[in-house]
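J.: Structure provided below as structure tokens; questions to follow.
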Amino acid sequence: MSRSGEADALDRDAVLALIREHPGAYGKRELGRSLRLSAEQKLELKALLRTLESDGVIEKRGKRGYAIVGAPPNVAVIEVVDRDADGELMARWTAGGADAPADIRIPPRESAGGRHGGAALGVGDRALARIERDEDGGATARIIKKLGKEGRRLLGVVREEAGRIVIAPVDVGSKGPYALEKDDVRKAKIGDLVACTPLSGRQAGPRRVRIVETVGRADGPKAATLIALHAHGVPDGFGEDEARQAETVAPVTPAGREDLTDIPLITIDPSDARDHDDAVWAAPDEDPNNPGGWVVMVAIADVAAYVVPGSALDRGAEERGNSVYFPDRVAPMLPERLSTDLCSLRPKEPRPCFAVRMVFGADGEKRAHKFVRGWMRSAAKLAYEDFQSAIDGQPNDVTGPLLDPVLKPLWNAYQALAQARDRRQPLDIDAPERRVRIDENGHVAEISRRERLEAHRLIEEMMIQANVCAAETLEKKRQPLIFRVHDAPSPEKLDALADFLPETGLRWTKGEVVTPARFNRLLTKAKEGENADVVNEMVLRTQSQAVYSPENIGHFGLNLSHYAHFTSPIRRYADLIVHRALIKALRLGDDGLSEDQEKRLDTIAERISFAERRAMAAERDAMDRYLAAYLSDRIGAVFEGRVTGVTRAGLFVRLNETG
């Protein structure tokens, strides 16, 4: 029958079409009204619905609605996965289903948080949404609620309280404890660290949860890291496809690559580094037109030669975004066979690399550069301390033979680059890092301030210059890429800084042009007084957060107009994208940036920016827990510290020893 109700027989297909269009929303009344059924036809509808339900074609959903079996609900949890060409967010059903539309569009007003009064949505976010289907098979999401921690698994410790087995959440912001389902009580022991999912539906008494996984022991030596990994949703481990690809990938050969094996490139890294993705070399420029100038080469692991766009390894690396570093372990972006073997620039072993040869004048200003895909053999693996000691006149057995031919030219080239850096005036905040040393039993043995050496600055400046070359080359070639961008501080944060500084005897005049050099002058003045640490911290808090973006707005902190990450593809996905963009732009192989990835640069940039924030939060969380464990054994001890804030509740004190 037609929807006008003129035909005599009830149209089964029309009934199913309406149920399919409105899953869970249409019951007998709504179907009858939409189809304009007569009283007799409503009886037929009742019988038809009963038959369709018994045959497994439809099912009851909600209070009185029907849905096609296997069809997604009209209210569902969705995950934002992409942006379309117009910049609108696209999502997918988290539960999937054969009848789920391929694309769910989120209108701008919904994604901005306006109608549902919440925070704006971004790629990677989850939300509870009402799904409205389109005639063309697509769907539109109307956001009901952005899901925070409640949309994820919670982590807790199995405890016994008042004769009951409960789950005490490790997140101090979570309400608890949670009650366990009867079947789950025997799944874990007292003191176990478990991952749980909250059970839906109204419940009397404490909220109930179901154990999904036993993670470890709450009093175990690695508990702090395990908690941070799970609490922040950091991907850990590799899927079967990734592991299989990593184990079966064939080593790259030198065919078609520029031979760099006669150049004594060396790696300089932290003493405990397991992967080495950058090597450096420098020599005086022999060009008579560049007196006192330098040639600097930065060679980077050629990860693009092993990780193919769209492969399982590539999809996994994009999802992780970066490696995450904890005091006792690393959650790597790539499997170990790649990160610490095939891609790592091990000493004395031939490796494929992506290198940039840069020419600098005696004043440190760059005059020219050129990218090549090469074949290299690292001459040595040095720790920062080894390099610095050798330059300071205390070489060891490894650095001694390298001092004159390799280390001193690097040092002298850096002196020239440092002149240009000082003229450029990048932001120079003294933010001391703390190093946690874990003993063989997995406990905190020591917390110390990580020493900042000139050797660190040398590598940092040479990597910055290589990154600038990558951005400049790709912009010149009009090749889309992902930039590393850093916006200037917001007016609100600058006002807060201006209001705070008089308490330290310093001032910040509102309305003047904001530059890194102006911040540096403030920091220099602060060193003369007792509040240098506090001022450094406040200036750091004033800065915007650096992110990845296909749109270039420059890098405020480094005071650079062109900047892209190129130097760490083993541990950052952004660098791998830039490598592929260079390969495509310079025609250096057929493994360059794919058309699909080029179209998705917006989404990839947003996704890896989120992954970076997630990694920072997890690393900070783990560090805080290790610090708490370390201090828990020192009740009654006396520490030196500095008051950093005063509130009605009390004082904020920063301990000199632990930070």
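The values are calculated or read from the model by the stated rules, or taken from the named source; none is laboratory data. All of these numbers come straight from a predicted model, not from anything done at the bench. Here Cβ is always computed from backbone atoms with ideal geometry, including for glycine, and neighbour counts include all displayed protein chains. Protein only, heavy atoms only, side chains kept; ligands, DNA and RNA dropped before computing areas. Shrake-Rupley method; radii C 1.70, N 1.55, O 1.52, S 1.80 Å.
J.: Any of 493/599; 146/584; 187/222; 366/493 with alpha carbons more than 27 Å apart? Name them for me.
T.: From the list (493/599; 146/584; 187/222; 366/493), the Cα-Cα distance tops 27 Å for 493/599; 146/584; 366/493.
J.: Evaluate the distance, in nm, between pseudo-label points positioned 7 Å from the Cα of residue 171 and of residue 540 along their respective Cα→Cβ axes.
T.: Inter-label distance under the simple model: 2.5 nm.
J.: Still on this structure: Using Cα-Cα distances under 8 Å and only pairs 6 or more residues apart, what relative contact order does the range 497-597 have, in percent?
T.: Here the relative contact order equals 15 percent.
J.: Out of [x] 0.99; [y] 1.03; [z] 1.12, which label holds the value of Rg/Rh (Cα atoms, Kirkwood Rh) that was computed here?
T.: This structure yields the entry labelled [y].
J.: Counting heavy atoms of the protein chains only and a 1.4 Å probe, report the per residue accessible area for the chain as a whole number of Å².
T.: Computed with neighbouring chains in place, this is 51 Å² per residue.
J.: Now a separate question. Is the range 329-409 rounded, prolate or oblate when judged by the Cα gyration tensor, a ≥ b ≥ c being the square roots of its eigenvalues, rounded requiring a/c under 1.5 and prolate requiring a/b larger than b/c?
T.: oblate
J.: Over what distance in Å are the Cα centres of the range 321-350 and the range 459-490 separated?
T.: A separation of 24 Å, based on Cα centres.
J.: Find the centroid of the Cα atoms in the range 522-559 and in the range 188-242, then give the distance between the two in whole Å.
T.: Cα centroid to Cα centroid, the span is 37 Å.
J.: Next up: Within the chain, which complete DSSP H helices have Cα atoms spanning at least 30 Å along the helix axis and a mean Kyte-Doolittle hydropathy of -1.0 or higher?
T.: What comes out of the filter, once short or polar helices are dropped, is 454-476, 601-632.
J.: What is the sum of charges around residue 369, taking Lys and Arg as +1, Asp and Glu as -1, for the other residues whose C-beta is under 10 Å from the C-beta of residue 369?
T.: Once all neighbours under 10 Å are counted, the net charge is +3.
J.: I've got another one for you. Apply the a/c threshold of 1.5 to the C-alpha gyration tensor of the range 309-356 and tell me whether it is rounded, prolate or oblate.
T.: Note, shape of the range 309-356 comes out oblate.
J.: Starting from the Cα gyration tensor of the range 188-245, take the square roots of the eigenvalues, sort them a ≥ b ≥ c, and report rounded, prolate or oblate (rounded when a/c is under 1.5, otherwise prolate if a/b is larger than b/c, else oblate).
T.: Oblate, because a/c is 1.5 or more while a/b does not exceed b/c.
J.: Turning to a different aspect of this structure: Looking at the range 543-630, which GluC sites (Glu not before Pro) are in a loop (DSSP not H, G, I, E or B) and have at most 12 other Cβ atoms within 10 Å?
T.: 551
J.: Something else about it: Leaving out ligands, DNA and RNA, and with a 1.4 Å probe, what % of the accessible surface on the chain is carbon or sulfur?
T.: Carbon and sulfur atoms account for 47 percent of the accessible area of the chain.
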